[in-house]
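This report concerns only the one structure given below.
The values are calculated or read from the model by the stated rules, or taken from the named source; none is laboratory data. Bear in mind the structure is a predicted one, so any value in this text is a computation, not a measurement. Using ideal geometry, Cβ is built from the backbone for each residue, glycine included, and neighbour counts are taken over all protein chains shown.
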Amino acid sequence: MTTPQQPPAPPQNAPQTPPHAAPAGPAPVAPPHPGAQPAAGHPGQAQGYWPGQAPAGGPAGYVSPIPIRRATLLDAVASEWTKIRSVRSTMWTLGIMVLLVLGIGFLAATLVAGQDGDTGNSSPLALGFFGVLLGIICVVTLGVLTISSEYGTGMIRTTLTACPDRGRVLAAKSLVFFLLTFVITLVSTGMIAMVDSTLLNGMTSYSPDADAWLRATVGVSLYVATLGLLGLAVGALLRHSAGAITVMLGVVLLPMVLSLFMMGDALSDVRKALIEYSIPMQLSAFYATEADHMTGPTGWTPLWIMLGVAAVALAGAYASMTKRDA
Amino acid sequence: MIELEGLTKHYGDVRAVDHLTFTVRPGIITGFLGPNGAGKSTTMRMMLDLDHPTSGTVRIDGRHYRELHDPLRTVGALLDAKAMHGGRSAYHHLLCLAQSNGIPAGRVREALDTVGLSSVARKRTKGFSLGMGQRLGIAGALLGDPQILMFDEPVNGLDPEGIHWIRNLMKGLAAQGRTVFVSSHLMSEMALTADHLVVIGQGRLLADTSMADFIAENSRSFVRMRSPDHERLREVLRGAGIDFAPGAEGALEVAGEDAAHLGELAARHQLVLHELSPQSASLEEAFMRLTAGSVEYHAHENHRPAAAAPAPAADGQWGAGWRKKGS
Ligand SMILES: Nc1ncnc2c1ncn2[C@@H]1O[C@H](COP(=O)(O)OP(=O)(O)O)[C@@H](O)[C@H]1O
Ligand SMILES: [Mg+2]
């Protein structure tokens, strides 16, 4: 691009001093010009840019030839689906998550199988745990980015101009993110569960029942996707990618780390609660068997806890989006 | 039709927008003029329900923006050229906007053609120049073929060809009967495009007038005369029934007479003149006088003689601003 010249504006030429007759202060507000000359000043300027034409008779308004139908939540969902699949961070975070779940799950199983000792009565499905634990970080990152990147880039203003209903925007984002991560996590946890149980076939006395399978696949996937929703809510609250990701890492890791410093009898209850309700521990509950003697939340309880936490955070995010300027 | 009533926005102690009341009518281009920091962008954000007014209301065809079912079908807005995710392609950026308002996906191609970005449709917007970002923002505004269009400083970052293009685009849109509301901090730009002018300074309404009236009132020309025999010059002028006013450094300023006539008059009276120069005040000066006292960011250098109007570092600011924004 080159330097544009000053456009030749007819009524203004090299001024030296202002005219003496001009009022010094701000000019009084002139009354609105009665029926200003619409379009008259631009003969022949109306170029063929657009399908619609002005109705004969001047500025009575413009009517678009494109049919109008009322936008719904489904339109917002379609829009969010386009958004999430058209940025690279989605592919990267979910791709790495899948690699972690499959890679670490497979590695753990081959190591255990290679020992050719008796693995006792632990569940072969539990070998999927470590991969998912690391994969959580990717899912949480994607959850945060789904909304914080819009605040970071200014896209949120475009989004809210197109859909001023904050609730609909948040619902559509949550729905699309939740379903996408749930499906991807389900496929990878399902695959690794089958691989691990095949590799360890006959090496363990424990044979997982239908509920154990369901918890290790559907349960884990629901839990991980809900945790991602918590990340999305935190992203909407903080509006800052790095800040929100850091907070979420703190939520995942800090209770465990803190418990290491809680020595002494007085704090033993706190330490116990910190460990039992920490996210890694709750995740492990989905893989636990009777023999593991879990003391914290067991069965499907961690999912209900996480759903409750995410719901509260999303309500907060909605309130924040409604109250604060975009 | 956009109606603002008592629109006010405070950011802490800053009164960004202060009781603005005006109407933007269809079929014409309404220019929204004010120095940097005057509150133009803030006003536009409130029109789109992005920022909440401290008090006052904005009605779009009688309704609040929030009540529009398909906002992009009613209002198209270009706020910030970079209000997009850099990792997304131009095509997908527009596609997600179209989908959110139930606009047929075919419109995306049309809008890209209109702004001349078809060849980079699949490129990620991160690599776009400011001008390309501006064009993509305009494509987003045109996507829903809306009745109302709002552009916040659209010529920023455009090259001369692009500036010419956007002017014609806006004129074409207004000629179709649409409401076009465009902001700028450049009087020269407004003089070329706007039919109606709304001027604000420090958030307050300073003028709401047709462009024609503004030009008629503010682009008055005069002749500056200077003579070593100051008193006799005054007598001669008085004798000929010509009104004058004292100018800078002992000069006299005469409006409504042409320089040739005044020169002949002086010759007839054998009066020595040291200066006889026709002057015309520019619209930019009129604008600066209007907004003097309400300019947010003063430049530090003072290019003007002390006797001149208290307009802030005018020459440097205006010329430089134009060139900087356009390059
Ligand atoms: N989000 C914000 N927080 C605080 N102050 C703001 C914010 N946005 C704008 N302002 C202030 O409001 C005033 C008007 O700004 P703006 O609307 O951007 O002016 P313009 O677009 O006319 O240049 C400025 O003083 C600016 O500093
Ligand atoms: Mg601005």
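Listing for the model above:
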item: From A:74, A:100, residue being touching a Leu at 6+ places or on another chain (Cβ under 6 Å), at pLDDT 95 or above and closer than 30 Å to residue A:144 by Cα; result: A:100
item: Residues located in the range A:256-284, provided they are within 23 Å of the chain's Cα centre (by Cα) and in a helix (DSSP H, G or I); result: A:279, A:280, A:282, A:283
item: Selection within the range B:260-290 - within 28 Å of residue B:187 (Cα to Cα) and either surrounded by fewer than 20 Cβ atoms within 10 Å (Cβ to Cβ) or not polar (S, T, N, Q) (or both); result: B:277, B:278, B:280, B:281, B:283, B:284, B:285, B:286, B:287, B:288, B:289, B:290
item: Near pairs, Cβ below 6 angstrom, 6+ apart or cross-chain, from the range A:180-192 (surrounded by fewer than 24 Cβ atoms within 10 Å (Cβ to Cβ) and at pLDDT 95 or above) to any residue that is in a helix (DSSP H, G or I) and not hydrophobic (A, V, I, L, M, F, W, C); result: A:182/A:221; A:186/A:221; A:190/A:217
item: Candidates A:318, A:287, filtered to the one that is part of a helix (DSSP H, G or I), in contact (Cβ under 8 Å) with a residue 12 or more places away in the chain and buried (at least 16 other Cβ atoms within 10 Å of the Cβ); result: A:318
item: Residue list for the range B:181-226, restricted to those being closer than 24 Å to residue B:9 by Cβ, small (Gly, Ala, Ser) and more than 7 Å from chain A (Cβ to nearest Cβ); result: B:183, B:184, B:194, B:201, B:203
item: Test: residue in the range B:143-150 that is under 29 Å from residue A:63 (Cβ atoms), within 16 Å of ligand 1 (Cβ to nearest atom), buried (at least 22 other Cβ atoms within 10 Å of the Cβ) and modelled with pLDDT under 95; result: no
item: Hits in the range B:209-246 - residues which are part of a strand (DSSP E or B) and among the β-branched types (Val, Ile, Thr); result: B:209, B:223
item: Hits in the range B:44-82 (condition: within 13 Å of ligand 2 (Cβ to nearest atom), among the charged types (D, E, K, R) and either at positive phi or modelled with pLDDT of 95 or more (or both)); result: B:45, B:51
item: Residue tally, condition near ligand 1 (Cβ under 10 Å from one of its atoms) and charged (D, E, K, R), over the range B:21-56; result: 3
item: Residue in the range A:139-152 that is of a type outside the set (Gly, Ala, Ser), within 30 Å of residue B:105 (Cβ to Cβ) and surrounded by fewer than 21 Cβ atoms within 10 Å (Cβ to Cβ) present; result: yes
item: Residues satisfying the stated conditions in the range B:247-271, i.e. among the charged types (D, E, K, R) and in a helix (DSSP H, G or I); result: B:249, B:264, B:268
item: Output for the range B:25-43, where each listed residue is surrounded by 23 or more Cβ atoms within 10 Å (Cβ to Cβ) and either in a strand (DSSP E or B) or within 16 Å of ligand 2 (Cβ to nearest atom) (or both); result: B:29, B:30, B:31, B:32, B:33, B:34, B:35, B:38, B:39, B:40, B:43
item: Complete set of residues in the range A:77-95 that are crowded, with 17+ Cβ neighbours inside 10 Å and over 15 Å from the mean Cα position of the chain (by Cα); result: A:78
item: In the range B:5-17, the residues that are more than 16 Å from ligand 2 (Cβ to nearest atom) and within 13 Å of another protein chain (Cβ to nearest Cβ); result: B:10, B:12
item: Search result, residues across the range B:268-286 that are more than 14 Å from chain A (Cβ to nearest Cβ) and more than 18 Å from residue B:244 (Cβ to Cβ); result: B:270
item: Counted residues, the range B:62-89 - those being farther than 19 Å from residue A:69 by Cβ, more than 7 Å from chain A (Cβ to nearest Cβ) and surrounded by fewer than 21 Cβ atoms within 10 Å (Cβ to Cβ); result: 2
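Residues checked against (1) crowded, with 24+ Cβ neighbours inside 10 Å; (2) more than 16 Å from ligand 1 (Cβ to nearest atom):
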residue: B:136; (1), (2): yes, yes
residue: B:154; (1), (2): yes, no
residue: B:159; (1), (2): no, yes
residue: B:162; (1), (2): no, yes
residue: B:168; (1), (2): no, yes
